[in-house]
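Below is one structure; the comments refer to it alone.
The values are calculated or read from the model by the stated rules, or taken from the named source; none is laboratory data. From a predicted model like this one, the values you see are computed outputs, not experimental measurements. A quick note on method: Cβ atoms are made from the backbone with ideal geometry, for glycine too, and the neighbour counts reach across all protein chains shown. Quick note on the areas: whole protein, heavy atoms, side chains included, nothing else; ligands and nucleic acids left out. Shrake-Rupley method; radii C 1.70, N 1.55, O 1.52, S 1.80 Å.
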Amino acid sequence: MFQNRKVLLICLLIFAHALAGCASADSAEDSGRIQIVTTIGQIADAAENIGGEFVEVNALMGAGVDPHLYVATEGDVTLLQEADIILYNGLFLEANMNDILEQLAERKTAVAVSETIDPARLLASPIYEDEHDPHVWFDLELWSISVEAVRDTLMTYDPENAATYEANAAAYLADIAELDAYVREQAERLNPKQRILITAHDAFNYFGRAYGFDVLGLQGISTQSEAGTGDVQELAVVILERQVPAIFVESSVPVRNVEALQEAVRAQGYDVSIGGSLFSDAMGTPGTPEGTYLGMVRYNIDTIVKALLGNN
């Protein structure tokens, strides 16, 4: 009931702000740049790299923000209303914003960039029936398809500058391909038995499939689910049996469950370290290397490999 009321409130705010639509359009024209609003930072990074000087990008969800739980504020609704283009992940990542985004898509350019991926290449959601795992950005080859959707959206919206968008996207996609090779190279430093990644929630299943890691999370693919005592004890057994040297927290998920897992393992006479904090649903602080998509991915693989080699 509470969630329904919240959705209704946001919808009413959207229609209220629609009255200011003409003024918003004038403001966008005055800036001379296409106003883009994204949900997560990964998409904002792609839009900025591809759009360059022709776009102004605002990401609703910054460092440390969990998109599974995020609820749009009145300020977000204003940004969405004033946007020329809205780019979001889709695949039920932005669960509490789905209704808003779908309504906006009926009257302006709003694209779920990861829903352009062939469903046959997506992993099924173990939680939501008829949904897919939304964390596609950890398979760099797969994420390139989402990036291409950003490129295509800009080229369609602004055909006059299509050649620039195409060239910028080609350079950005080349950087992603180069990083993909680096991630594979780093993963090869671990023998197959060492490639087990245990984190706060199941955000890394695409990563595991792409780069040969067994991935286990205390919570499901959505942080709306809670880890119980049974989940902790089950993973503690895996850590003991496989002598896993390190487990990981995530920047956008509270650390308490991973710390509880660490204590459960210690109670069995084995010391597992916390190998570091990985970026999962959100990137790092703007202005840092981890505040970019490429920097985030590089940081994660370096942290994972170092810890699983026992060098943390």
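Structural remarks
- Candidates per trypsin sites (Lys or Arg not before Pro) in the stretch 66-160, loop by DSSP, up to 14 other Cβ within 10 Å: 107, 108
- Once backbone amide H atoms are built at 1.01 Å from N, residue 198 has 216, 248 as its partners under 5 Å, excluding neighbours fewer than 5 places away on the same chain.
- For the chain, the relative contact order comes to 17 percent (Cα pairs under 8 Å, sequence separation of at least 6).
- Per residue value of the accessible surface for the stretch 45-108 (all protein chains in place, 1.4 Å probe), Å²: 35 Å²
- Dipole axis of the chain (+1 Lys, Arg; -1 Asp, Glu on Cβ), positive-most option in 279, 100, 265: 265
- When the solvent-accessible area of the stretch 34-126 is split by element, carbon and sulfur atoms take up 46 percent of it, the probe being 1.4 Å.
- Solvent-accessible area per residue, Å², over the stretch 113-226 with all protein chains present [probe radius 1.4 Å]: 44 Å²
- Three-way shape call for the stretch 29-90 based on the alpha-carbon gyration tensor, with the a/c threshold at 1.5: oblate
- Dipole moment magnitude, nearest 20 debye, the stretch 77-174 about Cα centre, only Lys, Arg, Asp, Glu C-beta charged: 200 debye
- Between 0 and 90 degrees, the angle of helix 256-267 with respect to the longest Cα principal axis of the chain falls at about 10 degrees.
- Rounded tilt (10° steps) of 229-242 against the dominant C-alpha axis of the chain: 60 degrees
- Accessible area of residue 146 in the full protein assembly, 1.4 Å probe (Å², nearest 10): 0 Å²
- Mean ellipticity per residue at 222 nm, deg cm²/dmol - from DSSP H runs of n ≥ 4 across the chain, formula -39500 (n - 2.57): -15500 deg cm²/dmol
- Amide H partners (placed H, <5 Å) of residue 110, local residues excluded: 86
- Here the Karplus relation 6.51 cos²θ - 1.76 cosθ + 1.60, evaluated at θ = phi - 60°, turns the backbone of the stretch 140-145 into coupling constants of 5, 5, 5, 5, 4, 5 Hz, with x for every Gly and Pro.
- Per residue, the average separation of C-alpha pairs within less than 8 Å and at least 6 apart gives the stretch 136-178 a relative contact order of 42 percent.
- Protein-only accessible surface order, largest first, of 279, 92 at 1.4 Å: 92, 279
- Relative to the longest principal axis of the Cα atoms of the chain, the long axis of helix 2-18 makes an angle of roughly 30 degrees.
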